[in-house]
Amino acid sequence: MIVAESFPNARPMVARPPAARLPAARRRRQLLDVALELFAAHGYHATSMNDIAEAAGVTKPVLYQHFRSKRELYLELLEDVGGRLRDSIGKATSEATSPREQVRAGFLAYFRFVSDQRTAFQLLFGGGSRRDEEFADAVRAVELSIAESIATLIDVEGLEPDERQLLAHGIVGLAEGASRHWLAKGMVGSPEDVALHVAALAWAGLRGIRS
């Protein structure tokens, strides 16, 4: 007789009721959300398509109708999370009324994203996504897209496009590095407090730039 104690690390199999029928777009969104939680909790290699299907309450054929492979699902998830972060920053900066307010609003949007969607941030910038070259390329594409949107906001007369890109990547790195430290320290302080300090540093640096 095989008992559960023989496999202490095995995940318990819990019967789930069949999922209600959903329109294709809503089902795809649900599958991405479920996959995000599982990948963030267990990692890419330890999470199977069967795990995702079971957690979502669907059959594997339904899951494969939306995603041809686990790798395709993970890559789309990286793009999805990155797009949501980029859009949050873009919306916040577009509503700001001055360059200094754009800096503050952009960082605040970034740190609120980290606070509200911690698993998404960890999936995007965690070590698991960096160890696979294809996943690392996807993360770099996200960083590039955010940096490109920030570069358009850097208004210094005579500054060359490459120089704007360099500064924009520095700002992206500042936000990511500060977020990692904030998470490691248990997220002490509110997103507003963290954004206030980091934005002040970034603004002082930008103010010191000369063409």
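The values are calculated or read from the model by the stated rules, or taken from the named source; none is laboratory data. Small disclaimer: the values here were computed from a predicted structure and weren't measured. Reconstructed Cβ throughout: ideal geometry from the backbone, glycine too, with neighbour counts over all protein chains shown. Surface areas here come from the heavy atoms of the whole protein model, side chains and all, with no ligands, DNA or RNA. Shrake-Rupley method; radii C 1.70, N 1.55, O 1.52, S 1.80 Å.
Among the helices (runs of 4 or more DSSP H) contained in the range 36-126, which hold 1 or more residues that are of a type in the set (Ser, Thr, Tyr), in contact with a Phe, Trp or Tyr (Cβ under 6 Å, 6 or more places away or on another chain) and open to solvent by 30 Å² or more (accessible area, probe 1.4 Å)? Where helices (runs of 4 or more DSSP H) fall fully within the range 36-126 and carry at least 1 residues being of a type in the set (Ser, Thr, Tyr), in contact with a Phe, Trp or Tyr (Cβ under 6 Å, 6 or more places away or on another chain) and open to solvent by 30 Å² or more (accessible area, probe 1.4 Å), they are 70-94. Scanning the range 80-120 for residues that are closer than 23 Å to Ala138 by Cβ, touching a residue at least 60 places away in the same chain (Cβ under 8 Å) and aromatic (Phe, Trp, Tyr) yields Tyr110, Phe111. The residues of the range 129-148 that are surrounded by fewer than 18 Cβ atoms within 10 Å (Cβ to Cβ) and in a helix (DSSP H, G or I), listed by number, are Arg130, Arg131, Glu133, Glu134, Ala136, Asp137, Arg140, Ala141, Leu144, Ser145, Glu148. The residue pairs whose first member lies in the range 148-161 and is of a type in the set (A, V, I, L, M, F, W, C), whose second member is assigned to a loop (DSSP other than H, G, I, E, B), and whose beta carbons are closer than 8 Å, counting only pairs six or more residues apart or on different chains, are Val156/Ile209; Val156/Arg210; Val156/Ser211; Leu159/Ile209; Leu159/Ser211.
Residues in the range 80-115 that are of a type in the set (Asp, Glu) and more than 11 Å from the chain's Cα centre (by Cα): Asp87, Glu95, Glu101.
Working only within the range 170-191, note down all residues that are touching a helix residue (DSSP H, G or I) at 6+ places or on another chain (Cβ under 9 Å), part of a helix (DSSP H, G or I), open to solvent by less than 80 Å² (accessible area, probe 1.4 Å) and farther than 18 Å from Ser94 by Cα. Passing the criteria: Gly170, Gly173, Leu174, Ala175, Glu176, Ala178, Ser179, Trp182, Leu183, Pro191. Annotation: Leu196 fulfils all but one of (1) open to solvent by less than 50 Å² (accessible area, probe 1.4 Å); (2) over 24 Å from Ala141 (Cβ atoms); (3) at pLDDT 95 or above; the unmet one is (1). Put simply, of Leu31, Leu36 the only residue that is of a type in the set (A, V, I, L, M, F, W, C), under 13 Å from His66 (Cα atoms), at pLDDT 95 or above and under 26 Å from the mean Cα position of the chain (by Cα) is Leu31.
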